[in-house]
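Below is one structure, written out as structure tokens; comments come after it.
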Amino acid sequence: MNGRYREAAEFPLLESSHSVSVRPAAVVILAAGEGTRMKSATPKVLHEVGGRSLVGHVLAAVDQLNPHHLVVVVGHGRDLVSAHVHQTHPQAVPVVQEQQNGTGHAVRVGLAGLAASGVQLPSGPVVVLAGDTPLLTGSSLVELVELHSSQRAAASVLTAILDDPTGYGRIIRGGDNDRVTRIVEHKDASDDERVVREINSGVYAFEQDALTSGLSRLTTNNAQGEEYLTDVLGHLVSDGDLVVAHVADDPDEILGVNDRVQLAQAGALLRDRINNAWMRQGVTIIDPTTTWIEVDVQLDRDVCIERNTALVGSTVVESGAVIGPDTTVDSCVIMSGAHVFKSHLVEARIGPDAAVGPFTFMRPGTELAAHAKVGAYVETKNAVIGEGTKVPHLSYVGDASIGAGTNIGAATITVNYDGVHKHRTVVGDHVRIGSDSMLVAPVTIGDGAYTAAGSVITDDVPPGAMAVGRARQRNIEGWVERKRPNTASAEAAKAAESPHTGSADQPGGAQSTPKEHE
């Protein structure tokens, strides 16, 4: 892979470069829920959209806050979630919530687990958010913490304005500075309160003392029998402490994922966000609704992406390349001017001005040099294909090195597996491999050599030689008439052997001429 791209930790167009002026003392991500509505053995926060898990998107947004400490509260599927978090954010501390007794309880457990690990929090706010909001951006978190700090608030909440806020908790504001006076659930809201379109996102920043005090006052005296984090804000408001709200620029940011329908909706919204960002950076996307680009993909200007194309993993595409239509590219490097269409590529490297497709399957380890071509119904694996070389159609090239300027005839197969071990085929420069050749590895075809069509090559071929690996043809006269009598083939053969009996208007019949009737 091209090193200048591999170091990118996040999708650059979706995250602001603005850094927070006040580092949070801790960020607590709530990821303990089972997510029963997903109806899946996979923990909800590990389901993926845009090439990253739900909790992975949240962790990427949190990175922009640069917190002193990062806590992920886990419960259902704790081992899987903890391992996944450790893989991407080894500094994060997973804390187990044995019983899911509400959001307030989860925060208290998370902070207690951090303290039990010997951590003493420095000064700064504590940010709390859910692990199932993949559209949340780091820039909104930064803006929330900046507002919290500038207002010297006891607590701050990220909100959104929705056209239809039905079902969401409402943010009720009041006072001279438009402070938050109440967060009321939809079922508990009055008619006037239900008209309010500003809703609670579940993303908060707290002063440490205010949070600790509020958590200690939580009870389970409610219909669910759980400790609600929103009750902390209610206590702060009752005590006259300042609670403020920051409205997210994009209301989609606050959307959580609770089932497969919402997962697909979040994926589509993320797809549109990514595509729009790349188009504004000079990438042509012919049909954005059928183009899926994951968050770690990197594109240069003047890349063209045709319809029905997916770019996933750590794919890199350089300027002037054309990808698609009907193509999937997974963790590949596509260099300038290359064209890949109607194909599936995985962990391959495509050189400048090379051509791939249609209906090509490139497996890991394939390297295609400049101006080379791999065409229709060709499969490659762990193969290095030299500059200007062509593998036009109907071939398998696996565990092979092919030099420059070589042509691989149709239906050629590198026979690389003996049932126990894989072996390598080496083909030199300017070689001509005849159609329907079997190259039985390990074998080397020297520079400038030829193989006859239909050959099975089991021995090395010296440079400039012609290799013929097939039996001499022999014809068994009359075989069809003897072995397949009374068949259409036998009748056709019989008619061909007796041209004077054929009819001018019958297939295979001889055309009459005046001389034949003389």
Query raised in the report: Out of Ser156, Ser140, which single residue is assigned to a helix (DSSP H, G or I), among the polar types (S, T, N, Q) and open to solvent by less than 60 Å² (accessible area, probe 1.4 Å)?
Result: Ser140
Query raised in the report: Got at least one residue in region 184-195 being touching a Leu at 6+ places or on another chain (Cβ under 9 Å), surrounded by 17 or more Cβ atoms within 10 Å (Cβ to Cβ) and of a type outside the set (S, T, N, Q)?
Result: no
**Report entry** Failed condition for Asn200, given (1) within 16 Å of Arg152 (Cβ to Cβ); (2) polar (S, T, N, Q); (3) open to solvent by less than 70 Å² (accessible area, probe 1.4 Å)
**Finding:** (1)
Query raised in the report: When you look at Glu98, is it under 18 Å from Ala266 (Cβ atoms), at pLDDT below 95 and open to solvent by 30 Å² or more (accessible area, probe 1.4 Å), yes or no?
Result: no
Query raised in the report: Name the residues in region 143-153 that are open to solvent by 10 Å² or more (accessible area, probe 1.4 Å) and in a helix (DSSP H, G or I), would you?
Result: Glu143, Glu146, Leu147, Ser149, Ser150, Gln151
Query raised in the report: Which condition number does Pro134 fail, the rest of (1) buried (at least 18 other Cβ atoms within 10 Å of the Cβ); (2) in a helix (DSSP H, G or I) being met?
Result: (2)
Report task. Looking only at region 422-461, count how many residues are open to solvent by 30 Å² or more (accessible area, probe 1.4 Å) and either more than 23 Å from Glu387 (Cβ to Cβ) or of a type in the set (Lys, Arg) (or both). Result -> 14
Query raised in the report: Any chance region 273-286 includes a residue that's touching a residue at least 12 places away in the same chain (Cβ under 8 Å), open to solvent by 20 Å² or more (accessible area, probe 1.4 Å) and touching a helix residue (DSSP H, G or I) at 6+ places or on another chain (Cβ under 7 Å)?
Result: no
Query raised in the report: Which one is farthest from Leu394 (Cα to Cα) among residues in region 410-448 that are in contact with an Asp or Glu (Cβ under 9 Å, 6 or more places away or on another chain) and among the hydroxyl-bearing types (Ser, Thr, Tyr)?
Result: Thr444
Requested in this report: Could you check, for region 391-403, whether at least one of its residues is out of contact with any strand residue (DSSP E or B) (no Cβ under 8 Å at 6 or more places or on another chain) and open to solvent by 10 Å² or more (accessible area, probe 1.4 Å)?
Outcome: no
Query - In region 108-131, the residues that are open to solvent by 10 Å² or more (accessible area, probe 1.4 Å) and either more than 22 Å from Leu80 (Cβ to Cβ) or without any contact (Cβ under 8 Å) to a residue 12 or more places away in the chain (or both) - result: Arg108, Leu111, Ala112, Ala115, Ala116, Gly118, Val119, Gln120, Leu121, Pro122, Ser123, Gly124
Query raised in the report: Given the conditions (1) over 38 Å from the mean Cα position of the chain (by Cα); (2) part of a loop (DSSP other than H, G, I, E, B), and given that Ala411 satisfies all but one, which numbered condition is not satisfied?
Result: (1)
Report task. Starting from region 81-107, take each residue that is under 27 Å from Thr219 (Cα atoms) and part of a loop (DSSP other than H, G, I, E, B) and list its partners that are modelled with pLDDT of 95 or more and open to solvent by less than 40 Å² (accessible area, probe 1.4 Å), counting only C-beta distances under 6 angstrom and pairs at least six apart or across chains. Result -> Gln97/Ala32; Gln97/Val73; Gln97/Gly75; Gln97/Ala106; Gln97/Val109; Gln100/Ala32; Gln100/Gly75
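Is it the case, given these coordinates, that Leu65 is open to solvent by less than 40 Å² (accessible area, probe 1.4 Å), assigned to a loop (DSSP other than H, G, I, E, B) and either modelled with pLDDT of 95 or more or under 27 Å from Glu143 (Cα atoms) (or both)?
yes
The values are calculated or read from the model by the stated rules, or taken from the named source; none is laboratory data. What you are looking at is a predicted structure, and each value in this text was computed from that prediction instead of being measured. We place every Cβ from the backbone using ideal geometry, glycine too, and count neighbours over all the protein chains shown. When the accessible area is computed, the model is the full protein with side chains, heavy atoms only, and any ligands, DNA or RNA have been set aside. Shrake-Rupley method; radii C 1.70, N 1.55, O 1.52, S 1.80 Å.
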